[in-house]
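In what follows, a single structure is set out as structure tokens and then discussed.
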Amino acid sequence: MSRIFRGIFIVWTVLRFGLDELVLSSFEKPWVRLLTRVVSVGRNLKAPRGERLRQALEQLGPIFVKFGQVLSTRRDLLPPDIADELAHLQDRVPPFDSAVAVAIIEKSFGKPLDRIFQNFERTPVASASIAQVHFATLPDGREVAVKVLRPNMVGAFKKDLALMRMMAGWLERASADGKRLKPREVVAEFDKYLHDELDLLREASNAAQLRRNMHSLNLVMIPEMHWDYCMPDVMVMERMQGVPIGQTQRLRDAGVDMKKLARDGVTIFFTQVFRDGFFHADMHPGNIQVSLAPDTFGRYISLDFGIVGTLTEVDKEYLAQNFSAFFQRDYKRVAELHIESGWVPAATRVDELEAAIRSCCEPMFDRPLKELSLGLVLMRLFQTSRRFQVEIQPQLVLLQKTLLNIEGLGRELDPDLDLWSTAKPFLERWMLEQVGPEKLLAQLKAEAPNYAKLLPALPRLLAQFLKSTPGSNRRELEELLMEQKRTNKLLQGLIFGGLGFLLGLMVMQFVLRVRVF
């Protein structure tokens, strides 16, 4: 019943904010325009369409707000007015009452606020779909940022995810395409990561891991966690000073090299994915800043680590081979990899899949992002996936989403950025490291403890094996010997039969020749 009521609320919200009119008005056929005017009767839809869409997403809750955040990074797919309005969802979601935030903090620490912090700013500095952030000062004078989870979040997520699972089941039963896209597995994957995001202690550990991984790169700064002040619903971290990545004009005025900034973003992403297999999976502009401090000028500042993605060694190797084949325009190898990995049926013809992939990807090379029609490319890829029954891999959904975010960010910073040529040297170097002598030495070093335990016992184990009687295998050996004897008899019979046949032919020939003579 809760799912039914939630579905009714979604339909009511769509009608209240005129989202049905927003969709219908995009069609140019006269009868659709007439239908648009009919459904608009009696409703006040004077507000701009982008504002109505943003308000509807905020009304529907955090999952829909996150959907709007992803859309806001794709200005190439959205009209400018809608993209500008959805950008407000990045860090300007309406905050909840500061008194509620204070109550949550005091309940988590079990003591009054003035005994926890020397100073606490009750006005939040940022508000997102999951939590909001306040600036504060610790008793020892260190400036920190305090992240407080929104109240009653678990119940809201459960309702929306239950509804999404139900709709995913309908989609799978409705069509073959729906089954191929694996919507229930995709929803289950998002369910896992969204529930992880509701645990701020887990988010703090994600930040600590990313901070260690990125320390030697010197391209991105990640705040230090203050573990004595981290709880499941409250997280206290180092306060970072930076300019939001979306304020591009302010960054240019400060002298930041925007082209280098765009290239650094691509390097950070591919390093996290292919070197570490542990990447920030919520990299929308609201979570990224740029430092203007003299000692860290031009470095990224990464925030909000509730959602991270992980890749296995098999995933990394397969993706790297795909990217490498793409960069070399070896579309036959891309097609073979899709078949080898099971993404397409084994009976698929390589040459047909190769031709389809070439038609989709060839226009993307040697051109800056500003000249690419990504919407057209995605449409062609979708048509290709339908034709060849490509299966969506749920474990890579976060990677796909993050790649879209990175591309949208690169477009904002440097429209002339060629994403592929920027990433190609990095991937080639990574592939060389995976098959070179350094990788072999690293694997031998990793297995050395196992070898150290096995080698001293190896002579004893070998002696025991040689002395032991294979009692458990005796029956199998006897059966094998009997079968071998039967085979030998059969071969002997065939050989003697063949010799007799040849001898008979020779005798007949001799008799015939004697008679003729």
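Residues checked against (1) farther than 22 Å from Ser421 by Cα; (2) modelled with pLDDT of 80 or more:
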site	(1), (2)
Phe326	no, no
Lys332	no, yes
Val344	yes, no
Leu369	no, no
Problem set entry | Only one of Val11, Val41 that is open to solvent by 40 Å² or more (accessible area, probe 1.4 Å), out of contact with any Phe, Trp or Tyr (no Cβ under 9 Å at 6 or more places or on another chain), in a helix (DSSP H, G or I) and at pLDDT below 80 | Val11
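Every residue, every condition in (1) in contact (Cβ under 8 Å) with a residue 24 or more places away in the chain; (2) touching a Leu at 6+ places or on another chain (Cβ under 6 Å), yes or no:
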position: Arg250; (1), (2): no, no
position: Ala254; (1), (2): yes, yes
position: Gln272; (1), (2): yes, no
position: Phe278; (1), (2): yes, no
position: Pro285; (1), (2): yes, no
position: Ile288; (1), (2): yes, no
position: Leu292; (1), (2): yes, no
position: Thr296; (1), (2): yes, no
Exercise. Taking segment 44-77, which residues are farther than 17 Å from Ile10 by Cβ, among the hydrophobic types (A, V, I, L, M, F, W, C) and modelled with pLDDT of 70 or more?
Worked result: Ala47
For this session: Could you please let me know if Phe297 is open to solvent by 30 Å² or more (accessible area, probe 1.4 Å), hydrophobic (A, V, I, L, M, F, W, C), at negative phi and over 20 Å from the mean Cα position of the chain (by Cα)?
Result: yes
Seminar exercise, completed: Taking segment 134-160 and keeping only residues that are open to solvent by 10 Å² or more (accessible area, probe 1.4 Å), under 17 Å from Arg202 (Cα atoms) and among the β-branched types (Val, Ile, Thr), one is left with Val154
Problem set entry | Pair list, Cβ < 7 Å and 6+ apart or interchain, from segment 330-341 residues that are within 18 Å of Lys424 (Cα to Cα) to residues that are of a type in the set (Val, Ile, Thr) | Tyr331/Ile357; Val334/Ile357
Seminar exercise, completed: The condition of being modelled with pLDDT under 65 and within 23 Å of Val266 (Cβ to Cβ) holds, among Ser373, Ser385, only for Ser373
Problem set entry | Out of Ser129, Ser108, sole residue that is farther than 19 Å from Leu303 by Cβ and in contact (Cβ under 8 Å) with a residue 60 or more places away in the chain | Ser108
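The values are calculated or read from the model by the stated rules, or taken from the named source; none is laboratory data. Predicted model, so just to flag it, every value in this text is computed and none were measured. Methodologically, a virtual Cβ is constructed for each residue, glycine included, from the backbone with ideal geometry; neighbour enumeration extends over all protein chains shown. Each accessible area value is taken on the protein alone, full model and side chains, heavy atoms only, with ligands, DNA and RNA left out. Shrake-Rupley method; radii C 1.70, N 1.55, O 1.52, S 1.80 Å.
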